[in-house]
Amino acid sequence: MPEEPEREEGLEGEEGDASLSKEGRKPRARKRSSASEGILQPVKLCKAELYKPPTNEELSRLKETENLFHSNLLRLQVEELLKEVTLKEKRRQKIDSFLHEINALLSKIPEAPERDITDQSWLPKGLKVPLLQLPFVVKGKFRFLPPAEVKVVGSYLLGTCIKPEVNVDVALVMPREVFQDKDNLNQRYHRKRALYLAHVAHHLAKKKLFGSVKFAYMNGNHFKPIVLLQPQGKDAKTVTVRLYACPAQDVFKPSRLHPNKNNVRTAWFTEKDSPVTGAIEPPTPHYNNSILWDLNMASNLVFLSEAASGFQGMRDGVCLLKVWLHQRELDKGLGCFNGFLASMLVGYLLAGNKINKVMSGYQVLRNALHFLATTDLTTSGINLSKNMDGTLPSLSDFHKAFQVVFVDPSGRVNLCADMTASTYKQIQLEAKRSMEILDDKTVDGFQLVFMTHKPLIRTFDHVFHLRHVSKLQAACKKMKLLNELMDHGGNYVAATLPFLLRLLERGLGRRIVLLTHTLPQTPPWSISEDPPKHRDIGSLSFGLLLSLDFATSILERGPEADRPEAVEFRQFWGPRSELRRFQDGAICEAVLWDAPNVSQKRLIPEQIIRHLLQLHMDIPDSSICYTGALLESVIKMGREPAGTGEEAMVSLIRSYDDLSRKLWNLEGLPLTVTSVQGAHPALRYTDVFPPVPVNPDYAYHARIKDCESLLPLAEKPCPAYIAPMKVLCHMEGSGQWPQDKEAIKRIKAAFQLQLAELLKQQHQLLCRPAPTHTDVFKDGYVFRLQVAYHREPQILKEVVTPEGMLKYQDNPESQQLELETQHLPFLTSSLHGLQQQHPAFSGTSRLAKRWISAQLLSDSLSEECIDLVAASLFLSPAPFTAPSSPQVGFLHFLHLLTTFDWKNSPLIVNLNGDLKDTDYVEIQNHFVATRLQLPVMFIATPRDQRNSVWTKEKPSAQILQRLLVLALESLRVLEEQLMDPLGSQDIKMVFRPPLDFYDVLIHLNPKQIPRHLEAVDKPVMSFSRGMIKSDAVVKTLSFPVVDYDPVQCYLQELQEAFSEFALFFYDKYGGEVIGVLWKPSAFEPQPFKVSNMRGRMMSSVGTDPLTVPNVQAILEDFGILGEGLVKSVEARTEKWSI
């Protein structure tokens, strides 16, 4: 029978665990109804199975689960993941036979006569040496002899090899005869190694056994080319065999390769004729380490084999650790923490009795993560060697030479030689975060730690790219890094990177929690191509995790002017440093950054980075692509320097607070105001374009003299949109309040009139009362006051039964009033508090709303629903950290939308931390029990644990599905753009909706769109909207036009008239087009009824009188209803038919 194809997407799909849980279930005979499709159902057991006593094995497993895992589910998930990523036996057999064939071929490779290393004429035409031979001239002879030994090394032998990328490492031991004395000098060993592999690759490439033979750099190290072999045909993806060349034992004296010794002569490297007399040669620790690594490859494998023998937990633990590293993009590239390092770390823990051989894989993983989180290898390295030989380098020797220290069992090789301190700090932070997640019972730790991919752009608050790494070559000269350049074989990226990171870490100081970088790597290349140069890694990307408290500080205070440190401070900051006097009287060196608004303050790290790289490394602005706040342009308004509205909201809230105080202190009211609560998005910092103070221009308005109000003029452009901000005034309870709902409404209307009168008398505010509200014009804003009585929702629920009993029952009217007077004020105050803790919340929520509206879906989701989803990113950010910039917050929003299992999980938003662990369990149990009666998108909060009031009405299942499709594509496009510094980076692309999806497009006249300037692509020219500049000294005597948006009025009429035929979609922030989708059900012919002829006509098909939609007349009606507003109606006839 043919082999069953193996599932290899275990690591790639972020929803892999959902598919795992369904595996192994027998197909059901009866098809489920569509409503419950995709909803996980409980497994039904018969009575005998349900009450069967547990076996001893089950009892011990239960005990272990209780002690180690939060739940049985986590244990099952971990076991299933291990099954998914480990190799099946059939695949192992294929790999073994492939390895045997390779071994047979390697022994048959012919010898080559001895020649000078520089005489490479013997190499076949078209074959290139996989090493940058600079400088080319080097002493020594080379001859090829077949390998003395061929050994399988690494994870395949240990049983820790995982899918989807299966790599098997094979070491070719080069015979002693290939080497001569002093081959440790001036890259002679590396040249011979490269020539050896080139000869091997050329002979293997002729064989039909291989689908491809390529070169690659081992972990991005330019000193270490390897040969990659893949099988032929359909088995190409089964395995990649990596051939390493290493010298026979005792070829080199280890004492010559001590980290303090020099093995690359300056005169040779700089191509000078003779060395400078009396000059001391600098040590070359990285160069020496690269040779020692090859010498100790076999002995390190022996150490790991002994550790792993009889220890299944180690194999499982290393596999889990590899998955963990892979999801965080830390397992590939120069200075990575690869699977070999993970295995050595577990070996170290075993040798130090931190773990033992009876532990499970999950215990091993937890111990490894705990060790990484609590041990700083940049200051206190670890050593696997038990040898007390005095000739071995000490840990302090290693710390002087390398940033991160982890010494192998020989005591000579630093396994983390290429790793930067920043990368290790990132690993530490990730380990600490993962431990917190695994200990948190309220989240799905497995999904977050093992199944969620964490790319740089989504993990860090700000990301910037060094477009051209070739600029680092000049930086090497400026910073006098010749010694480091020699040590890294001319690789200026590896030589300058630690210095660049230290420079920026010092400059950014307390502003950042972490600065890290992508790991440089180059893709494999053909054996007939020249090896990639150092600049071929493309761009280098850096991530900044910002500190909330200090990131936006505009002042960098230095030492006092007369201190010796002041000179160093001036040298570091260059011309930006200046003397300033502080309030405490001190005169200090200081750097002041220019940032007129909050949006600019968020970008102070960019100013620092650009300044320091230009000053100290000669890297020009054009080579730095900073992507910290590119998305913010879509929520910017006003003149340059345009901010993102934070200042406008602070000014608005100041005015609101003043109004609150005035209301509390009003004299002459029969009942006092007990509380004033805001209920408008701007009062919780989440209004996309917050209201700005306005003064109406009388020339653009007609005036109603009776009520001192203005009216728009038909011949003038529509006036600017003024949003009324709802404010609830709760009146004190009293026995005087009536118990009848109609009487309460009348009392409230009387209060509205009196509020208007008293505010006018006592505070000279312009007011306009109405039965349900009072509009107040204050400081250029319009506040809409609504009187509330706390018992009114209760009275609305009263129902008298036929037996005369009084009972309370929810009804739409009472629920709506509860929503407006209880839920909304609580939400507004909670989110106002959240904004004080997380300043990026406002921008995140506003970007999310702007994007949803740009997709023409603003009417399909409530604003409060979007605010709550955005809030959850800050209250439960795992596995990420809470965003400190709106841009990364928006990426998290799109990621949450697409990866959250809306069908089977409630989104729990723990506002103010009011929910306890037991509440989480209750919410989950209630959700599972009543899933089919609940909304498609269920959001629970402390005050709303069972009903999800903000998603009850909308979105529908179809709208949610459409939203998820758009979010997935937007996230993909956006992350590609933000990580491509050489691309166009037109990030507004994801804010432009695809219009080919709609059946009809109604194009609108911009003259009558009051919010025209809020469009994603701002119009170059627009109309004057009848407003005087807010700073003009004008007293407004008449009430401006409030809440007037002709497009919204038109949409309402369309929905009232044609909701049975179509759905209407619009971007309320300046959109120029309304999208119309026909409802398929409306186009089914229906029996003729006189009462059902609106928008229909008689059909000529068949004998029975049937009616079908009169599309032509409906389209005409679209134009007639919107006369003056509608420019044209574009029917896409090919998209629909009757």
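The values are calculated or read from the model by the stated rules, or taken from the named source; none is laboratory data. Owing to the predicted nature of the structure, the values given are computational and were not obtained by experimental measurement. Every residue, glycine among them, receives a Cβ derived from its backbone with ideal geometry; neighbour counts consider all protein chains shown. These accessible areas exclude ligands, DNA and RNA; they are computed on the full protein's heavy atoms, side chains included. Shrake-Rupley method; radii C 1.70, N 1.55, O 1.52, S 1.80 Å.
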For this session: Once you have the Cα-Cα distance between LEU395 and GLU505, take 0.36 nm times their residue separation minus that, and quote the gain in nm to one decimal.
Result: 37.1 nm
Exercise. Quick one: which of 525-537, 774-786 comes out on top by average Cβ neighbours within 10 Å, and what's the full order, highest first?
Worked result: 774-786, 525-537
Seminar exercise, completed: CD proxy, 222 nm, the chain: helix-only mean residue ellipticity via -39,500 (n - 2.57) per DSSP H run with n ≥ 4, per residue, nearest 500, stands at -11000 deg cm²/dmol
Problem set entry | Radius 14 Å from Cβ of VAL168, net charge of other residues (Lys, Arg +1; Asp, Glu -1) | +2
Problem set entry | Average projection area in nm² (convex hull over Cα atoms of region 665-812, one quarter of hull surface) | 12.4
For this session: Kindly express, to the nearest 10 degrees and within the range 0 to 90, the angle between helix 89-107's C-alpha long axis and the longest C-alpha principal axis of the chain.
Result: 40
Exercise. With a Cα-only, solvent-free Debye model of region 947-1085, what are the log10 I(q)/I(0) values at q = 0.09 Å⁻¹?
Worked result: -0.43
Exercise. Tell me, what is the 1.4 Å probe accessible area of CYS46, in Å² to the nearest 10?
Worked result: 70
Exercise. Roughly speaking, what is the stretch gain from ALA743 to ALA351, that is 0.36 nm per residue apart minus the C-alpha to C-alpha distance, in nm to one decimal?
Worked result: 132.9 nm
For this session: Mind computing the radius of gyration and Dmax over the alpha-carbon atoms of region 567-633? Å is fine for both.
Result: 14.4, 42
Seminar exercise, completed: For the pair THR374 and GLN1086, the simple spin-label estimate (label points 7 Å beyond Cα toward Cβ) gives in nm 7.1
For this session: Any chance you could give the angle, 0 to 90 degrees and rounded to 10, that helix 886-899 forms with the longest Cα principal axis of the chain?
Result: 90
Problem set entry | Options ASN262, THR801, TRP324, ranked by Cα towards positive dipole end of the chain, top entry (Cβ charges) | ASN262
Seminar exercise, completed: Env charge @ ASN260, Cβ radius under 13 Å, K,R +1 / D,E -1, value +1
Seminar exercise, completed: Once phi for every residue in region 1057-1069 is put through the Karplus expression 6.51 cos²θ - 1.76 cosθ + 1.60 (θ = phi - 60°), the whole-Hz ³J(HN,Hα) values, with Gly and Pro written as x, are 7, 10, 5, 6, 9, 8, 10, 10, 10, 7, 8, 6, 9
Exercise. For LYS726, which sequence-distant residues (separation of 5 or more, or a different chain) have an amide H within less than 5 Å of its own amide H, given hydrogens modelled in the peptide plane?
Worked result: ALA679, HIS680, ARG784
Exercise. Roughly how many nanometres apart are two label points built 7 Å out from the Cα toward the Cβ at LEU964 and ARG563?
Worked result: 5.7
Problem set entry | Pairwise FRET efficiency - SER255 versus PHE136, Cβ, R0 = 22 Å, nearest 0.05 | 0.15
Problem set entry | Dipole magnitude (debye, nearest 20) for region 674-785, charges at Cβ of Lys, Arg, Asp, Glu | 140
Problem set entry | Built amide H within the under 5 Å cut-off of VAL787, gap 5+ | CYS729
Exercise. Ignoring ligands and nucleic acids, what accessible area does LYS108 show with a 1.4 Å probe (Å², nearest 10)?
Worked result: 150
Seminar exercise, completed: Between the residues ASN219, GLN887, SER577, the Cα farthest towards the positive end of the dipole of the chain, that dipole coming from +1 and -1 charges on the beta-carbon of Lys, Arg, Asp and Glu, is from ASN219
Exercise. Once the piece of chain linking ASP530 and LEU1037 is laid out straight, how much longer is it, given 0.36 nm per residue of separation minus the C-alpha distance between them?
Worked result: 174.6 nm
For this session: Please sort 407-418, 504-515, 736-747 by packing, taking for each peptide the average over its residues of neighbouring beta carbons within 10 angstrom, highest first.
Result: 407-418, 504-515, 736-747
Exercise. Modelled label-to-label distance, VAL800 and LEU932, 7 Å Cα→beta-carbon offset: nm?
Worked result: 3.9
Exercise. If you take the charge dipole of the chain about its Cα centre, with +1 on Lys and Arg Cβ and -1 on Asp and Glu Cβ, which of VAL1076, PRO455, LEU1001 is farthest toward its positive end?
Worked result: PRO455
Exercise. Where Lys and Arg each count +1 and Asp and Glu each count -1, what net charge lies around LEU548 among other residues with Cβ under 13 Å from its Cβ?
Worked result: +2
Problem set entry | Scaled radius of gyration (Cα, divided by 2.2 N^0.38 Å) that region 317-455 gives | 1.06
For this session: With +1 on each Lys and Arg Cβ and -1 on each Asp and Glu Cβ, and nothing else charged, work out how big the dipole of the chain is about its Cα centre, in Debye to the nearest 20.
Result: 2460
Problem set entry | For region 539-556, 3J(HN,Hα) per residue [Karplus equation, 6.51 cos²θ - 1.76 cosθ + 1.60, θ = phi - 60°, Hz, x = Gly/Pro] | 9, 10, 10, 10, x, 10, 9, 7, 8, 4, 6, 10, 4, 9, 5, 8, 10, 10
Problem set entry | Relative contact order, percent, the chain [alpha-carbon distance under 8 Å, six or more residues apart] | 8
Exercise. Do any chymotrypsin sites (Phe, Trp or Tyr not before Pro) in region 106-188 lie in a loop, going by DSSP, with at most 16 other beta-carbon atoms within 10 Å of their beta carbon, and if so which?
Worked result: TRP122, PHE136
For this session: Mind pulling up the Rg/Rh value for the chain? Radius of gyration and Kirkwood radius, both on Cα.
Result: 1.03
Problem set entry | Mean Cβ count within 10 Å, highest first, over the residues of peptides 970-977, 796-803 | 970-977, 796-803
